[in-house]
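Working notes, structure below.
The values are calculated or read from the model by the stated rules, or taken from the named source; none is laboratory data. Fair warning: this is a prediction, and the values are worked out from it, not measured in the lab. Note that we place each Cβ from the backbone using ideal geometry, even for glycine, and neighbour counts take in every protein chain shown. Ligands, DNA and RNA are excluded from the accessible area calculation, which covers all protein heavy atoms including side chains. Shrake-Rupley method; radii C 1.70, N 1.55, O 1.52, S 1.80 Å.
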Amino acid sequence: YNVTMKRHLITYLILLTLCLPMHAAGLGEWTLFHAYNDLTRIVPASKAVYALSAGALFSYNAGDESLTEYNITNLLNDSEDITDICWNGQTQHLVIAYANGNIDLLDTRDNSVRNFSAIADEITTRSKTIKDILCHGSHAYIVMQYGVITLNTARQEFGDTYRFTTGSASFTGAWVEN
């Protein structure tokens, strides 16, 4: 019995050793696996449709039927979960908000990214969670628990901040009326 068990164990270890390198990423490389079945936001853009699923961002290009993942290993600036995205058609930018308040601005014309870390870097006891983003004109209106921050996507700079004066009120979303 012991000899048979030893043979099975040795055979198993040899097979495991042979199969392990086939599934491992190379030295210094990362392999990310994201779920695509829990979509929380779908944003149609000029050349692709961007989707947010379980904190991960990807796009689908109907022209060439390609699927592209966006993450810290290939383009983005943060490893935190992405909480919201917003398409600004006027400036051809995708605004990407992270759970820690960090913001990336993806220029879809050349696939370049500009990072805005002022909210994430701020030392505060307030929540840095971005509740919602609304794009209108050349601006992105970033809804926080304590107010609204404007981001001019054409100039790529923060603008005005609108804060609550009472401690009990909080925003959950934004809209624009014409």
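Please determine whether any residue of segment 120-137 is in contact with a helix residue (DSSP H, G or I) (Cβ under 7 Å, 6 or more places away or on another chain) and at pLDDT below 90.
Checking segment 120-137: at least one residue is in contact with a helix residue (DSSP H, G or I) (Cβ under 7 Å, 6 or more places away or on another chain) and at pLDDT below 90.
Hey, among the residues in segment 36-83 that are of a type in the set (D, E) and in contact with a Gly (Cβ under 9 Å, 6 or more places away or on another chain), which one's surrounded by the fewest Cβ atoms within 10 Å (Cβ to Cβ)?
Looking at the filtered set, the residue picked out is D81.
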Q) Among (1) within 17 Å of L39 (Cα to Cα); (2) in contact with a Leu (Cβ under 7 Å, 6 or more places away or on another chain), where does Y98 come up short? A) (2)
(Q) I'm trying to understand the selection: among the residues of segment 92-117, which are charged (D, E, K, R) and either in a loop (DSSP other than H, G, I, E, B) or closer than 13 Å to V43 by Cβ (or both)? (A) R109, D110
Q. Applying the selection to segment 96-131, what residues are open to solvent by 20 Å² or more (accessible area, probe 1.4 Å) and more than 24 Å from E69 (Cβ to Cβ)?
A. A118, D121, E122, I123, T124, T125, R126, S127, K128, K131
(Q) Restricting to segment 53-91, count the residues that are within 21 Å of I119 (Cα to Cα), part of a strand (DSSP E or B) and of a type outside the set (D, E, K, R). (A) 8
